[in-house]
Amino acid sequence: MSTFTALYQHFPDQEFAIRRRLKTDECLRTICCDFCDALGALRYWEAAGPEGTAKAAQYRMLVGELAGELAAHLRRPDTDTAGPATSGKAEFCALQNPHDDKGSRR
């Protein structure tokens with residue numbers, strides 16, 4: 001599963017808009033990467049059994065908050081044309097190919 005497959009599954013009606021805007025919207029790339037990271041952590045802690053219950057609850061809440069942030073961002077006009085990310089986490093995420101559903105960075 002690619003880094004962004006779970007994201008597209010969570011927002012199936014927005015997949016085209018997300019794919020299009022990832023090319024130019026640094027803020028969206030950051031939110032998407034944070035969402036995917038939080039979702040990965042949630043899955044990890046859910047699979048950890050009883051000792052992961054508290055952490056899973058925290059990540060479940062974070063995933064919900066990030067989903068809301070992403071949905072709100074997608075409702076805004078597409079005006080961020082800053083180009084590819086140049087630093088930090090967004091740069092790492094920009095190196096991932098969101099259009100490649102093969103492989104995973106995890």
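For this structure, a couple of remarks:
- Rough spin-label spacing in nm, given labels placed 7 Å along Cα→Cβ, for Glu15 and Glu51: 3.8 nm
- Estimated vicinal HN-Hα couplings, Hz - the range 36-53 in sequence order (Karplus 6.51, -1.76, 1.60; Gly, Pro = x): 5, 5, 5, 5, x, 5, 4, 4, 4, 6, 5, 7, 6, x, x, 5, x, 4
- Counting neighbouring Cβ atoms within 10 Å and putting the fewest first, the residues Asp78, Asp13, Asp37 line up as Asp13, Asp78, Asp37.
- Per-residue Cβ neighbour counts within 10 Å put Glu51, Glu69 in the sequence Glu51, Glu69, beginning with the fewest.
- Proxy reagent accessibility, fewest Cβ within 10 Å first, across Thr53, Thr24, Thr30: Thr53, Thr24, Thr30
Readers should treat all values here as calculations from the given coordinates under stated rules, not as data from a laboratory. This one's a predicted model, so the numbers in the text were calculated from it and none came from an experiment. Cβ coordinates were reconstructed from backbone atoms using ideal geometry, including for glycine residues, and neighbour counts include every protein chain displayed.
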